[in-house]
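The structure under discussion appears below in the form of structure tokens.
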Amino acid sequence: MTPRVRFAPSPTGHLHVGGARTAIFNWLFARHHGGAFIVRVEDTDQARSTLESEQMVLDDLRWLGLQWDEGPDVGGPHAPYRQSERTARYDEVASEMVAQGQAYRCFCSEAELEAKRKAAEAEQRAPHYDLTCYRLSEAQIAAKLATSMPHAIRFHIPKEAGAPFDANVTIHDIIRGEVSWTKETLGDFILVRSDGLPTYNFSVVVDDHDMAITHVIRAEEHLTNTHRQVLIYRARSWDVPEFAHVSLILGQDRTKLSKRHGATSVSAYAEEGFLSEAMVNYLTLLGWSTPDEREIFTRVYAIENFSLRSVNPAPAVFDPQKFEWLNGQYIHALPPESLREMLLTRFSAVGWVREGSAEIDAWLDDLVEMARKKVNRLNDFISVLRFVFEFHAEAAVLVSEAATPDQKNQPVLADPRARPLIAAIAADFREHGVPGDEETFKQFVERMKSDTGLKGKDLFMPLRVALTGSTHGPELHRAVPLMERGSRIAGLAPIVSPRTRVERIAVLLAE
Ligand code: GLU
């Protein structure tokens with residue numbers, strides 16, 4: 001039997017990391033077993049579902065690189081894959097169930113039901129439906145229908161002796177093991193609401209059956225729904241799929257991961273500059289551990305080795321630092337052209353790169369290479385490289401409100417030895433030109449040492465502040481030649497050359 005699994009998002013917002021992890025596990029399972037991965041959109045909650053959200057969720061799944069075999073956009077043998085387009089089918093099954101005595105029409109109003117619940121509560125009885133409408137005679141039903149009285153369709157749980165099926169349920173959850181429920185814990189429940197819309201438990205079972213789903217891999221929060229769902233399968237004599245309920249994802253404080261913990265949507269991580277490969281890798285590790293305990297792996301490796309049986313039933317803790325670290329590993333290993341491709345849109349968006357040329361590409365490759373080991377996210381390239389494109393001499397020297405100077409600049413520049421040093425650097429650049437590579441940079445540093453007698457921090461800190469406006473950043477022997485080169489390349493935001501930088505600072509310090 002080829003497995004068929006589905007990811008069934010409710011399109012009420014962005015795809016979140018929990019949903020993404022569920023989708024990934026379904027996809028890995030399908031690919032590992034050569035089965036089918038299906039996306040089904042559960043949009044029967046009309047108040048909250050939107051087509052835009054469906055689009056966003058599908059885009060996020062695509063960005064993650066999870067290809068599905070059947071779904072609302074690609075179609076398939078069991079279309080439609082959008083629940084809002086399947087209501088006729090739910091009606092059909094519901095009618096059959098009523099005709100066969102597995103379900104019945106319930107005419108009780110919300111107010112009546114509420115009163116019954118309150119009464120049950122007061123008498124400390126379980127708030128189960130009291131079967132009023134189950135006991136209606138054919139004539140009573142016909143009379144109510146004749147007045148077009150609104151009604152729901154309610155599933156009947158056979159608790160009596162000689163029932164057509166056992167309403168006690170035990171499942172062997174692939175992740176959680178044996179889970180049992182007894183029939184006493186449930187009352188007759190609604191399949192179709194009086195507004196004609198199916199309940200989640202009903203539409204899921206009809207769809208999973210119709211779509212020949214063999215394994216239901218979903219979030220732990222749906223475990224309690226499984227009792228009702230299995231009862232519907234039994235009433236219909238349908239094959240019951242296997243179940244695998246994946247544990248919750250918690251934040252570092254061990255409460256359920258939510259907005260309070262920071263970004264939780266896939267697209268927010270994408271915007272920050274997480275790579276889809278890193279995201280799939282990290283989310284796969286939330287619950288699954290590799291047989292050889294490796295933490296960085298390709299999709300091919302995950303597909304080959306994935307097993308639901310080795311998914312941990314305990315909650316997984318989302319560790320943003322670890323995720324960042326892992327993303328950094330992916331960024332550090334990317335081929336230069338791929339990395340440049342990814343960064344170009346970001347660099348264009350901030351106005352740094354305005355045109356395309358082979359010269360720009362070659363320069364960008366060197367620039368990116370200089371920063372690569374310092375970043376974990378694509379966005380970090382912007383902060384690490386900002387000094388190249390944005391240089392404010394005044395801000396570097398003064399604590400100005402307009403810019404955000406590095407507060408550590410002040411003591412460096414206030415040192416009485418800094419001013420003559422910076423004047424000497426300006427003079428050296430005028431005489432010898434700005435160093436164009438590592439070798440000439442070294443010679444320049446040697447000249448500065450012998451001219452000023454300074455070395456180590458005393459030499460390099462003022463030098464760094466004068467050239468970059470900050471006390472920290474990439475290696476100067478790479479940054480200085482790159483800034484010089486960049487200042488002469490057309491199609492980039494204007495880059496202030498190292499020589500101009502030092503001269504401006506020298507003037508400001510002399511004032
Ligand atoms: N639509 C449900 C959800 O988003 C999934 C239900 C299921 O997988 O059975 O939580």
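Every number in this text was worked out from the coordinates using simple rules, so none of it is lab data. All values derive from a computational prediction rather than experimental measurement. Because the Cβ atoms are built from the backbone with ideal geometry, glycine has one as well, and the counts that use them run over all protein chains shown.
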Q.
Less than 22 Å apart at the alpha-carbon level, and either on another chain or at least 8 residues along: which lysines does that give for K144?
A. K116
Q) Given the alpha-carbon gyration tensor of segment 118-194, what are the semi-axes of its equivalent ellipsoid in whole angstrom, ordered largest first, with each equal to the square root of 5 times an eigenvalue? A) 30, 16, 13
Q) Taking only the alpha-carbon atoms of segment 258-375, what semi-axes of the equivalent ellipsoid follow from 5 times the gyration tensor eigenvalues under a square root, in whole Å, largest first? A) 32, 17, 11
Q. By counting other Cβ atoms within 10 Å of each Cβ, how are R419, R48, R4 ranked from fewest to most?
A. R48, R419, R4
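GluC sites (Glu not before Pro), restricted to segment 349-438: which are DSSP loop and have at most 13 other Cβ atoms within 10 Å? Intermediate results must be reported in sequence, preceding the final value.
Numbers: sites: E355, E359, E369, E390, E394, E401, E431, E438; in loops: E355, E390, E401.
Here the GluC sites (Glu not before Pro) that fit, given the DSSP loop and packing criteria, are E355, E401.
Just the Kirkwood number for segment 34-82, please: inverse of mean 1/r across all distinct Cα pairs, in Å, one decimal. Spell out each step's value before the answer.
Values: mean 1/r = 0.0871 Å⁻¹.
Result for segment 34-82, one decimal place: 11.5 Å.
In segment 150-273, what is the volume of the convex hull around the alpha carbon atoms, normalised per residue and reported in Å³? Show your work: numbers first, answer last.
On the way: hull volume 21.5 nm³, N = 124.
Measuring per residue, one finds 173 Å³ for the Cα hull of segment 150-273.
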Q.
Looking only at Cβ-Cβ distances, which cysteines of the chain have no other cysteine closer than 4.7 Å?
A. C108
Q. For segment 367-511, how big is Rg over Rh, using alpha carbon atoms and the Kirkwood form of Rh?
A. 0.94
Q: Can you tell me the equivalent ellipsoid semi-axes for the chain? Use √(5λ) from the Cα gyration tensor, largest first, whole Å.
A: 66, 23, 20
Q | Proxy reagent accessibility, fewest Cβ within 10 Å first, across I153, I495 | A | I495, I153
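What pairs in K259/K408; K374/K408; K373/K449; K374/K457 have C-alpha atoms more than 23 Å from each other? Intermediate values should be presented prior to the final figure.
Values: K259/K408 34 Å; K374/K408 20 Å; K373/K449 29 Å; K374/K457 21 Å.
From the list (K259/K408; K374/K408; K373/K449; K374/K457), the Cα-Cα distance tops 23 Å for K259/K408; K373/K449.
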Q) If R0 is 56 Å, what FRET efficiency do you get for R117 and A349 from their C-beta distance, rounded to 0.05? A) 0.55
**Q.** aspartates and glutamates whose Cα lies under 12 Å from that of K159, excluding same-chain neighbours fewer than 8 positions away
**A.** E184, D188
Q. Taking N as the number of residues in segment 1-133, what is its alpha-carbon radius of gyration divided by 2.2 N^0.38 Å?
A. 1.39
